[in-house]
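Worksheet: the structure to be examined is printed underneath.
The values are calculated or read from the model by the stated rules, or taken from the named source; none is laboratory data. Quantities reported herein were computed from a predicted structural model and do not represent experimental measurements. Ligands, DNA and RNA are excluded from the accessible area calculation, which covers all protein heavy atoms including side chains. Shrake-Rupley method; radii C 1.70, N 1.55, O 1.52, S 1.80 Å.
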Amino acid sequence: MFEAMDEGRVSRTDLIPISRNAAARPPSKLGLKVGQSIPVDTAIRVLVVKSANDVATAVAEFLGNGSEAHFAQMMTAKARTLGMSRTTFKNASGLPDSNQVTTATDMARLSIALRRQFPHYYGYFGQKEVTVAGRTIKGHNKAMDMIPGADGLKTGYTRASGFNLATSVKHRGKSVVGVVMGENTSAIRNARMAALMSAYVKKAK
(Lines give C-alpha, C1' and ligand atoms only; values in the text may rest on other atoms or scores of the structure.)
Protein backbone atom coordinates (compact mmCIF):
# COMPACT_ATOMS: atom_id res chain seq x y z
CA MET A 1 0.00 0.00 0.00
CA PHE A 2 2.79 2.43 0.89
CA GLU A 3 4.47 1.82 -2.47
CA ALA A 4 1.19 2.41 -4.30
CA MET A 5 0.68 5.65 -2.40
CA ASP A 6 4.20 6.88 -3.12
CA GLU A 7 3.78 6.05 -6.82
CA GLY A 8 0.51 7.98 -7.01
CA ARG A 9 -1.59 4.91 -7.82
CA VAL A 10 -3.52 5.20 -4.56
CA SER A 11 -4.41 8.13 -2.30
CA ARG A 12 -5.28 8.14 1.38
CA THR A 13 -8.85 9.14 0.54
CA ASP A 14 -9.53 6.37 -2.01
CA LEU A 15 -12.36 4.05 -0.99
CA ILE A 16 -11.72 0.30 -0.68
CA PRO A 17 -14.84 -1.79 -1.40
CA ILE A 18 -15.85 -4.66 0.87
CA SER A 19 -16.52 -7.85 -1.08
CA ARG A 20 -18.52 -10.87 0.05
CA ASN A 21 -15.25 -12.71 0.58
CA ALA A 22 -13.84 -9.92 2.75
CA ALA A 23 -17.00 -9.57 4.83
CA ALA A 24 -17.03 -13.32 5.51
CA ARG A 25 -13.55 -13.45 7.06
CA PRO A 26 -13.53 -14.63 10.69
CA PRO A 27 -12.58 -12.38 13.63
CA SER A 28 -10.71 -10.37 14.53
CA LYS A 29 -12.63 -8.09 12.18
CA LEU A 30 -14.21 -4.66 11.89
CA GLY A 31 -17.57 -6.09 10.89
CA LEU A 32 -18.04 -4.31 7.57
CA LYS A 33 -20.88 -5.43 5.32
CA VAL A 34 -20.84 -6.36 1.65
CA GLY A 35 -21.05 -3.21 -0.46
CA GLN A 36 -19.64 -0.92 2.20
CA SER A 37 -16.27 0.76 1.73
CA ILE A 38 -13.43 2.06 3.87
CA PRO A 39 -10.95 4.88 3.09
CA VAL A 40 -7.33 3.85 2.54
CA ASP A 41 -6.12 5.91 5.50
CA THR A 42 -8.66 4.33 7.86
CA ALA A 43 -7.91 0.85 6.54
CA ILE A 44 -4.22 1.22 7.36
CA ARG A 45 -5.02 2.43 10.86
CA VAL A 46 -7.48 -0.42 11.46
CA LEU A 47 -4.92 -3.00 10.31
CA VAL A 48 -2.30 -1.62 12.69
CA VAL A 49 -4.57 -1.28 15.72
CA LYS A 50 -7.06 -4.15 15.34
CA SER A 51 -5.55 -6.60 12.83
CA ALA A 52 -8.98 -6.75 11.21
CA ASN A 53 -9.17 -9.73 8.85
CA ASP A 54 -12.05 -8.36 6.79
CA VAL A 55 -10.10 -5.16 6.12
CA ALA A 56 -6.92 -7.12 5.31
CA THR A 57 -8.76 -9.12 2.66
CA ALA A 58 -10.40 -6.00 1.22
CA VAL A 59 -7.00 -4.28 0.94
CA ALA A 60 -5.53 -7.40 -0.70
CA GLU A 61 -8.30 -7.47 -3.30
CA PHE A 62 -7.96 -3.72 -3.85
CA LEU A 63 -4.25 -3.98 -4.61
CA GLY A 64 -4.23 -7.49 -6.08
CA ASN A 65 -6.58 -7.05 -9.04
CA GLY A 66 -9.52 -8.45 -7.10
CA SER A 67 -7.72 -11.54 -5.83
CA GLU A 68 -6.34 -12.11 -2.33
CA ALA A 69 -4.43 -15.14 -3.63
CA HIS A 70 -2.75 -12.96 -6.24
CA PHE A 71 -1.92 -10.39 -3.58
CA ALA A 72 -0.35 -13.13 -1.45
CA GLN A 73 1.90 -13.95 -4.41
CA MET A 74 2.81 -10.27 -4.62
CA MET A 75 3.59 -10.27 -0.90
CA THR A 76 5.82 -13.32 -1.23
CA ALA A 77 7.68 -11.80 -4.18
CA LYS A 78 8.20 -8.59 -2.18
CA ALA A 79 9.42 -10.64 0.76
CA ARG A 80 12.14 -12.18 -1.44
CA THR A 81 13.40 -8.74 -2.48
CA LEU A 82 13.72 -7.85 1.22
CA GLY A 83 15.78 -10.96 1.97
CA MET A 84 12.88 -12.78 3.64
CA SER A 85 13.92 -16.14 2.26
CA ARG A 86 11.89 -18.29 4.66
CA THR A 87 8.54 -16.53 4.29
CA THR A 88 5.62 -17.60 2.09
CA PHE A 89 2.30 -15.77 2.23
CA LYS A 90 -1.01 -17.40 1.29
CA ASN A 91 -3.35 -14.69 2.53
CA ALA A 92 -3.16 -11.08 3.65
CA SER A 93 -4.36 -11.51 7.23
CA GLY A 94 -2.13 -14.18 8.72
CA LEU A 95 -5.05 -16.55 9.22
CA PRO A 96 -3.81 -20.17 9.42
CA ASP A 97 -2.74 -21.91 6.23
CA SER A 98 -0.39 -24.89 6.36
CA ASN A 99 1.64 -23.40 3.51
CA GLN A 100 1.92 -19.93 5.05
CA VAL A 101 5.12 -19.62 7.06
CA THR A 102 7.58 -17.05 8.33
CA THR A 103 10.31 -16.61 10.93
CA ALA A 104 11.18 -14.04 13.57
CA THR A 105 14.24 -13.06 11.54
CA ASP A 106 12.17 -12.43 8.43
CA MET A 107 9.66 -10.34 10.37
CA ALA A 108 12.56 -8.31 11.76
CA ARG A 109 13.78 -7.73 8.19
CA LEU A 110 10.30 -6.53 7.23
CA SER A 111 10.10 -4.22 10.25
CA ILE A 112 13.48 -2.67 9.45
CA ALA A 113 12.49 -2.22 5.79
CA LEU A 114 9.31 -0.39 6.82
CA ARG A 115 11.32 2.04 8.95
CA ARG A 116 13.99 2.64 6.32
CA GLN A 117 11.89 2.80 3.17
CA PHE A 118 8.75 4.52 4.49
CA PRO A 119 9.72 6.84 7.35
CA HIS A 120 6.96 9.20 6.20
CA TYR A 121 4.35 6.50 6.92
CA TYR A 122 6.00 4.91 9.94
CA GLY A 123 3.86 6.97 12.34
CA TYR A 124 0.93 4.67 11.58
CA PHE A 125 2.63 1.91 13.56
CA GLY A 126 2.74 3.92 16.78
CA GLN A 127 -1.03 4.32 17.03
CA LYS A 128 -2.85 2.95 20.05
CA GLU A 129 -6.43 3.51 18.87
CA VAL A 130 -8.52 4.28 15.82
CA THR A 131 -11.96 5.82 15.41
CA VAL A 132 -14.29 4.38 12.75
CA ALA A 133 -17.81 5.73 12.23
CA GLY A 134 -17.76 7.29 15.66
CA ARG A 135 -16.56 4.10 17.37
CA THR A 136 -13.16 4.18 19.05
CA ILE A 137 -11.21 0.93 18.88
CA LYS A 138 -8.29 0.53 21.25
CA GLY A 139 -5.27 -1.57 20.36
CA HIS A 140 -3.61 -4.24 22.47
CA ASN A 141 0.09 -3.45 21.93
CA LYS A 142 0.91 -3.02 25.63
CA ALA A 143 4.64 -3.15 24.84
CA MET A 144 4.32 0.45 23.69
CA ASP A 145 3.66 1.46 27.30
CA MET A 146 6.02 -1.04 28.92
CA ILE A 147 9.25 -0.33 27.03
CA PRO A 148 11.07 3.04 27.15
CA GLY A 149 11.54 4.44 23.66
CA ALA A 150 9.12 2.02 21.96
CA ASP A 151 7.61 3.75 18.94
CA GLY A 152 5.58 1.11 17.18
CA LEU A 153 5.05 -1.88 14.92
CA LYS A 154 2.65 -4.73 15.41
CA THR A 155 1.07 -7.49 17.47
CA GLY A 156 -0.37 -10.70 16.06
CA TYR A 157 -2.19 -13.81 17.27
CA THR A 158 -3.68 -16.99 15.89
CA ARG A 159 -4.27 -20.30 17.67
CA ALA A 160 -1.78 -21.91 15.30
CA SER A 161 1.05 -19.43 15.81
CA GLY A 162 0.49 -18.16 19.35
CA PHE A 163 1.09 -14.58 20.51
CA ASN A 164 3.54 -12.62 18.38
CA LEU A 165 5.03 -9.14 18.51
CA ALA A 166 7.40 -6.93 16.52
CA THR A 167 8.61 -3.84 18.37
CA SER A 168 10.89 -0.96 17.44
CA VAL A 169 12.70 1.06 20.11
CA LYS A 170 14.66 4.28 19.65
CA HIS A 171 17.67 4.84 21.90
CA ARG A 172 20.18 7.67 21.50
CA GLY A 173 19.31 8.17 17.85
CA LYS A 174 19.43 4.47 16.98
CA SER A 175 16.55 2.09 16.32
CA VAL A 176 16.45 -1.50 17.51
CA VAL A 177 13.85 -4.00 16.30
CA GLY A 178 12.85 -7.09 18.26
CA VAL A 179 10.51 -9.94 17.33
CA VAL A 180 8.93 -12.46 19.71
CA MET A 181 6.87 -15.34 18.34
CA GLY A 182 4.88 -18.28 19.61
CA GLU A 183 4.27 -17.27 23.22
CA ASN A 184 1.33 -18.73 25.17
CA THR A 185 -0.15 -15.43 26.38
CA SER A 186 0.08 -11.77 25.49
CA ALA A 187 1.51 -11.02 28.95
CA ILE A 188 4.36 -13.50 28.44
CA ARG A 189 4.96 -12.11 24.95
CA ASN A 190 5.16 -8.54 26.23
CA ALA A 191 7.42 -9.42 29.15
CA ARG A 192 9.74 -11.34 26.85
CA MET A 193 9.99 -8.34 24.53
CA ALA A 194 10.66 -5.99 27.44
CA ALA A 195 13.47 -8.27 28.62
CA LEU A 196 14.98 -8.50 25.13
CA MET A 197 14.98 -4.76 24.66
CA SER A 198 16.42 -4.14 28.11
CA ALA A 199 19.28 -6.50 27.27
CA TYR A 200 20.03 -5.36 23.72
CA VAL A 201 18.98 -1.76 23.14
CA LYS A 202 22.08 -0.36 24.86
CA LYS A 203 24.26 -2.38 22.48
CA ALA A 204 22.94 -0.56 19.39
CA LYS A 205 25.83 0.83 17.33
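Counting only protein heavy atoms and using a 1.4 Å probe, the accessible area of ARG192 comes to about 120 Å². The solvent-accessible area of ASP106, taken with every protein chain present and a 1.4 Å probe, is close to 0 Å². Per-residue SASA remark: SER67, around 40 Å² accessible (1.4 Å probe; ligands, DNA and RNA not included). Can you give the angle from 0 to 90° between the axis of helix 186-200 and the longest principal axis of the chain, with both taken from C-alpha atoms, to the nearest 10? Roughly 50 degrees, rounded to the nearest 10.
Calculate what fraction, in whole %, of the accessible area of the stretch 1-153 sits on carbon and sulfur atoms when a 1.4 Å probe is rolled over the protein chains. List each step's numbers first, then the result.
Details: 4120 of 7790 Å².
So the carbon and sulfur contribution to the accessible surface is 53 percent.
Candidate cross-link partners of LYS128 among the aspartates and glutamates, defined by an alpha-carbon separation under 14 Å and a same-chain spacing of 8 or more, comprise ASP145, ASP151.
What value, in deg cm²/dmol to 500, does the helix sum -39500 (n - 2.57) over DSSP H runs of n ≥ 4 give at 222 nm once divided by the residues of the chain? Please list the in-between numbers first.
Details: 8 runs with 78 residues, N = 205.
The helix-only estimate for the chain comes to -11000 deg cm²/dmol at 222 nm.
Probing with 1.4 Å while keeping every protein chain in the model, the per residue accessible area of the chain equals 53 Å².
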